[in-house]
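*Asks:* Pasting in a structure now, in structure tokens, and then I'll have a few things to ask.
The values are calculated or read from the model by the stated rules, or taken from the named source; none is laboratory data. Computed from a predicted structure; not experimentally measured. Don't worry about glycine lacking a Cβ; one is built from the backbone with ideal geometry, like all the others, and counts go over all protein chains shown. For the accessible areas, the whole protein counts, side chains as well, though only heavy atoms, and no ligand, DNA or RNA atoms are used. Shrake-Rupley method; radii C 1.70, N 1.55, O 1.52, S 1.80 Å.
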Amino acid sequence: MPTLSEGSATTGGRLLPLNSWEAKVIVGLFIVTNALFAIGTSEVAARPWMTYLAVAVAGYGAVVIVKRAPFPFPRRDTAIVLATVVVSTALVFGGVTGAGALGRATWHLGSNTWLLFFLAMRGRPGAAWLGMALMLGQSAVWGAFTGRGALAAVMMSNSHVGILIVATLFARQLSATADRIAALRERAVASAAETAAADAGLEIRRTRAAELASLAVPLLERIRSGGPFDADERAQFARTEARLRDGVRGRSLALPDVVEAVEAARMRGIQVTILDDRGTAVEDGEALRRMVETTVGILHAACSGSITVRLLPAGRSAALSIVHADGDEVTRRTLDAQGHPADAGVT
């Protein structure tokens, strides 16, 4: 099951699908608009080629910001977007050096602000503000060198700072919404798991009830009809009682192969006791298979005496013990949690 943080990240990405075809259309309009601004203000630029190159750089940043990527946006892609902001700003300011009205010649300020806006929306508000600080610093340096004044150059971005504030607040709300949705999803998954477990437990109880009915009811009806009972019937009654007891006292070991081997051993006159002191099933399938194979092998090989198969409490070095007592000879086999021999001996 995914963690809450992982669920929030996935939900955040779904709440803001910037990699959709609609987003790609917006990117196309973004690039075209920047190009039109650059061409329309080329007379203001001392080096127009730098402005045109800035269009390409900003366009590349837009392509990166709408790519399919995890949420929050990967650090490498975040660094690329910040680099496009810095480089495009340097290119435009490097090309616009003259005095006079600028008009739309500083189109890159708004263009880069929208890149930073969506960077914040993709889970990187801190990086977005770093990009804004870098762009404002470049503006101040450009204003100082061109005689326009550092403060005047910075004030050209006052509305853009407001846009990024909105983006930051919206991103925070988006993150909170994603957290709530992820928490609801996690509770729904947990509830579904609990329901499935309850249904599975109910199905197991129904199956056991059906097995009990098919096993015990005919014999109970025979007993109710009254005796006398011959030796074979009495032996069958005893074996059935022992099998029912196995299902209660040794439920984790009452598997089909073990039940069959136990039944065959009892029919040969061997006293078999199955005990489950662990309380929970063995989760390792391979370990359980080895335990079952060892148990079945010992049961099939025994010719007389008594056998006690015990699943030991969890946390011990040994997981299963099999004790075969035949007269004065007692053989003990012990398996570890992986189902491998842990000890063997004859006393």
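*Asks:* Run the accessible area of segment 282-321 with a 1.4 Å probe and give the carbon-and-sulfur part as a rounded percent.
*Replies:* The nonpolar share, carbon plus sulfur, comes to 51 percent.
*Asks:* Which whole-Hz ³J(HN,Hα) couplings does segment 141-155 yield from phi under the Karplus relation 6.51 cos²θ - 1.76 cosθ + 1.60, θ = phi - 60°, glycine and proline marked x?
*Replies:* After applying 6.51 cos²θ - 1.76 cosθ + 1.60, I find 5, 5, x, 5, 6, 8, x, 7, x, 4, 5, 4, 5, 5, 5 Hz.
*Asks:* If packing is taken as the average number of other Cβ atoms within 10 Å across a peptide's residues, how do 272-279, 146-153 rank, most packed first?
*Replies:* 272-279, 146-153
*Asks:* Oh, and also: Tabulate in residue order the Karplus-calculated ³J(HN,Hα) for segment 60-71, using 6.51 cos²θ - 1.76 cosθ + 1.60 with θ = phi - 60°, rounded to whole Hz; enter x for Gly and Pro.
*Replies:* Running phi through 6.51 cos²θ - 1.76 cosθ + 1.60 with θ = phi - 60° gives 5, x, 5, 4, 5, 5, 9, 5, 5, 7, x, 10 Hz.
*Asks:* Using the Karplus curve 6.51 cos²θ - 1.76 cosθ + 1.60 with θ = phi - 60°, work out ³J(HN,Hα) for each residue of segment 110-126 in order, rounded to whole Hz, and write x for Gly and Pro.
*Replies:* Here the 3J(HN,Hα) series is x, 4, 5, 4, 5, 4, 5, 4, 6, 5, 5, 5, 8, x, 10, x, x Hz.
*Asks:* Then there's this: Given 0.36 nm per residue, what is the gain on full extension from residue 24 to residue 202 after removing their alpha carbon distance, in nm?
*Replies:* 58.9 nm
*Asks:* So what is the accessible area of segment 58-150 per residue, in Å², with the probe set to 1.4 Å?
*Replies:* 40 Å²
*Asks:* When a/c is below 1.5 the answer is rounded, else prolate if a/b is larger than b/c, else oblate, so apply that to segment 63-157 with a ≥ b ≥ c taken from the square roots of the Cα gyration tensor eigenvalues.
*Replies:* Judged from the Cα gyration tensor, segment 63-157 comes out prolate (a/c at least 1.5, a/b above b/c).
*Asks:* Another one. Could you list which residues have their amide H under 5 Å from that of residue 336, counting only those 5 or more apart in sequence or on another chain, with H placed in the peptide plane?
*Replies:* 319, 342
*Asks:* Sticking with this structure for a sec: Does segment 128-192 come out rounded, prolate or oblate by the C-alpha gyration tensor, with a ≥ b ≥ c the root eigenvalues, rounded set by a/c under 1.5 and, if not, prolate when a/b is larger than b/c and oblate if not?
*Replies:* The shape class here is prolate.
*Asks:* Taking H as built 1.01 Å from N, whose amide H comes closer than 5 Å to the amide H of residue 273, not counting residues under 5 places away?
*Replies:* The answer is 307, 308, 309.
*Asks:* What is the percent carbon and sulfur in the accessible area of segment 55-157, measuring with a 1.4 Å probe over the protein chains and ignoring ligands?
*Replies:* 71 percent
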